[in-house]
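The values are calculated or read from the model by the stated rules, or taken from the named source; none is laboratory data. Bear in mind the structure is a predicted one, so any value in this text is a computation, not a measurement. Counting neighbours? That spans all protein chains shown, and the Cβs are built from the backbone with ideal geometry, glycine included. Accessible surface is based on the protein model in full, side chains and every heavy atom, while ligands, DNA and RNA are left aside. Shrake-Rupley method; radii C 1.70, N 1.55, O 1.52, S 1.80 Å.
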Amino acid sequence: MPTLLETALSRLDELGQISDSPSHLVRTFLSPASHQAAAKIVAWMTVLGMETSQAPDGTVRGVLPGENPSASPLLLGSHYDTVIDAGKYDGALGIITALAALEALQQKGVRLPYPVHVLAFSDEEGTRFQTTYLGSHSLTAPLDAQTLAVTDASGTTIAQAIARDSPAPHAPPIRYAPGEARGYLELHIEQGRVLEEARQPACVVTSIAGQSRLTATLTGRADHAGTTPMALRRDALTGAAACILAAESLARSGPPLVITVGKIQIHPGASNSIPQSATFTIDLRHPIDATRLASLEALHASFTHIAAERGLELLWQPVQDHNATPCDPALTSNLVVSLAAITESTLTLPSGAGHDGVMMTKICPIAMLFVRCRDGLSHHPDEFASSADIETSIDILVHFLQSLPA
Ligand code: GLV
Ligand code: MN
Ligand code: MN
């Protein structure tokens, strides 16, 4: 009979094998691999005796009634989608450790006084549509028309993806009214190096940094690569290159500002045609909202200038913008007590990465636990958290779950 930890580790491996690509790990919103991953999570929830459901957007929920089934539930969870060429811990660890903590309580014969709902969100990374948090957003409110109209690389809108690709297109949504749940707790790898340097297995998160995502499209004129003199060209790709370098130099001049261009598409994309258009993503983050917004304006002004100089048109399309989100002080201090009880540390940290808690604050207080990851590496196949640290983090969850009042 495998131990709790062995089960958790083998589940991480199992989910890590489920991919839309044979060469690397990638699971995007409502993709075939996502359906397989969701089905596995449902099966694991069922083993625990949970009542399961799946929303049209793919988010999975398992409900474990407590001693008092009408008490306000605690929500635990994370996301099961991934970036492209991902590691197996980002997201998956939060779902699998939530189930492990509940199993630990069952093994000890402890029935919590309140219900626990484990949530596995269908989209946090925004890999398919560049819009993050589709799963947790749908849990708090219906997606608005503007979001539903966002398209993926093949031109499919989010609304069409839900109608066509969802395993449960007609299921009732999973939704919470503000105040319905007592809180949301997410366990996640740190994705940074602070815990390693502090030689601590885990810490509690104080806030989640704001972020802005957008796409920029530069349009010039396609022309012949052999016959068009350099001075007469309106090359969208060289314009994009100038913009991307301007973004890098803006970010380098204002730490902790970070700006990333992670994806670019050009048209027509042939070695002997001058690029007509270039569309690229921008991900811009700063812990202070006012500085983030001022940096975004400075970037827009710089792109506008570069486009004008090169005879290009600029289309600047904001995709998402959210402010820094503080975690709830009361739930967070409960979690610090549990952290201290297990590790003797009270270390807290702000999160530079985005998390579903941003959306969950619309309906309930949130708290987050970070687990050390090797070299702080994330969004990379070598992402790694040790079994000892995972075990410690499960112990912290178990302590926390038992510490909450009825
Ligand atoms: C999620 O991983 C994000 O911060 O982009
Ligand atoms: Mn994540
Ligand atoms: Mn991530």
Inset, instruction - Test each condition in (1) among the aliphatic types (A, V, I, L, M); (2) free of Cβ contacts under 8 Å to residues at least 24 places away in the same chain; (3) under 30 Å from Leu64 (Cα atoms) for Val116 and report the one that comes out false. - result: (2)
Legend entry - Filtered residue count, the stretch 89-127, keeping only those that are in contact with an Asp or Glu (Cβ under 7 Å, 6 or more places away or on another chain) and within 15 Å of ligand 2 (Cβ to nearest atom): 10
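Looking only at residues that are among the hydrophobic types (A, V, I, L, M, F, W, C) and touching a Ser or Thr at 6+ places or on another chain (Cβ under 9 Å) in the stretch 311-334, which one is farthest from ligand 3 (Cβ to nearest atom)?
Step one: list which residues in the stretch 311-334 are among the hydrophobic types (A, V, I, L, M, F, W, C), which gives 312, 314-316, 319, 324, 327, 330-331.
With the extra rule that they be touching a Ser or Thr at 6+ places or on another chain (Cβ under 9 Å), the set shrinks to 312, 314-316, 319, 324, 327.
Values: Leu312: 32, Leu314: 29, Leu315: 27, Trp316: 25, Val319: 16, Ala324: 18, Cys327: 18 Å.
Taking the candidates together, the pick is Leu312.
Being of a type in the set (D, E, K, R) and under 21 Å from the mean Cα position of the chain (by Cα) is the filter; apply it to the stretch 354-406 and report the residue that is surrounded by the most Cβ atoms within 10 Å (Cβ to Cβ).
To start, the set of residues in the stretch 354-406 that are of a type in the set (D, E, K, R) comprises 356, 362, 372, 374-375, 382-383, 389, 391, 395.
Filter once more, keeping what is under 21 Å from the mean Cα position of the chain (by Cα): 356, 362, 372, 374-375, 382-383.
Values: Asp356: 30, Lys362: 14, Arg372: 27, Arg374: 17, Asp375: 12, Asp382: 10, Glu383: 22.
Looking at residues that are of a type in the set (D, E, K, R) and under 21 Å from the mean Cα position of the chain (by Cα), I get Asp356.
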Legend entry - Count of the stretch 337-359 residues which are outside any strand (DSSP E or B) and within 16 Å of ligand 3 (Cβ to nearest atom): 8
Inset, instruction - Please determine, by comparing only the residues of the stretch 62-80 that are within 16 Å of ligand 2 (Cβ to nearest atom) and small (Gly, Ala, Ser), which one is farthest from Leu404 (Cα to Cα). - result: Ser78
Inset, instruction - Please report, ordered by residue number, the strands (runs of 3 or more DSSP E) entirely within the stretch 217-312 with at least 1 residues that are in contact with a Pro (Cβ under 7 Å, 6 or more places away or on another chain) and open to solvent by 50 Å² or more (accessible area, probe 1.4 Å). - result: 264-267
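When you look at Ala406, is it touching a residue at least 12 places away in the same chain (Cβ under 8 Å), of a type in the set (Gly, Ala, Ser) and part of a loop (DSSP other than H, G, I, E, B), yes or no? Outline the logic, then answer.
Details: touching a residue at least 12 places away in the same chain (Cβ under 8 Å): yes; of a type in the set (Gly, Ala, Ser): yes; part of a loop (DSSP other than H, G, I, E, B): yes.
Yes, satisfied.
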Legend entry - Thr140 vs. criteria hydroxyl-bearing (Ser, Thr, Tyr) and touching a strand residue (DSSP E or B) at 6+ places or on another chain (Cβ under 7 Å): no
Legend entry - Given (1) within 16 Å of ligand 2 (Cβ to nearest atom); (2) more than 26 Å from the chain's Cα centre (by Cα), number of the condition Gln320 does not satisfy: (2)
Inset, instruction - Would you mind stating whether Tyr184 is in contact with a strand residue (DSSP E or B) (Cβ under 6 Å, 6 or more places away or on another chain) and open to solvent by less than 20 Å² (accessible area, probe 1.4 Å)? - result: yes
Legend entry - Cβ pairs under 8 Å, 6+ apart, first in the stretch 154-177 and on the phi > 0 side of the Ramachandran plot, second part of a loop (DSSP other than H, G, I, E, B) and at pLDDT 95 or above: none
Inset, instruction - Scan the stretch 219-230 and report the pairs whose first residue is within 18 Å of Ala307 (Cβ to Cβ) and whose second residue is among the β-branched types (Val, Ile, Thr), with Cβ atoms within less than 6 Å and a gap of 6+ or a chain change. - result: Ala222/Ile274; Asp223/Ile274
Legend entry - Of the criteria (1) within 17 Å of Ser78 (Cα to Cα); (2) open to solvent by less than 50 Å² (accessible area, probe 1.4 Å), which one Ser166 fails: (1)
Inset, instruction - Please determine, by comparing only the residues of the stretch 337-356 that are touching a Cys at 6+ places or on another chain (Cβ under 9 Å) and under 20 Å from Val398 (Cβ atoms), which one is nearest to ligand 1 (Cβ to nearest atom). - result: Leu347
Legend entry - Of all residues in the stretch 55-80 being touching a residue at least 60 places away in the same chain (Cβ under 8 Å) and of a type in the set (S, T, N, Q), the one that is nearest to ligand 1 (Cβ to nearest atom): Ser78
Legend entry - Selection count where residues are touching a Gly at 6+ places or on another chain (Cβ under 6 Å) and away from ligand 2 (no atom under 15 Å from the Cβ), scope the stretch 350-380: 2
Inset, instruction - Kindly indicate whether any position in the stretch 196-205 is within 30 Å of Leu349 (Cα to Cα), part of a strand (DSSP E or B), open to solvent by 30 Å² or more (accessible area, probe 1.4 Å) and small (Gly, Ala, Ser). - result: no
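From the list Arg292, Arg310, Arg285, which one is charged (D, E, K, R), more than 17 Å from the chain's Cα centre (by Cα) and within 16 Å of ligand 1 (Cβ to nearest atom)?
Working: Arg310 fails: within 16 Å of ligand 1 (Cβ to nearest atom); Arg285 fails: more than 17 Å from the chain's Cα centre (by Cα).
Sole residue among the options that is charged (D, E, K, R), more than 17 Å from the chain's Cα centre (by Cα) and within 16 Å of ligand 1 (Cβ to nearest atom): Arg292.
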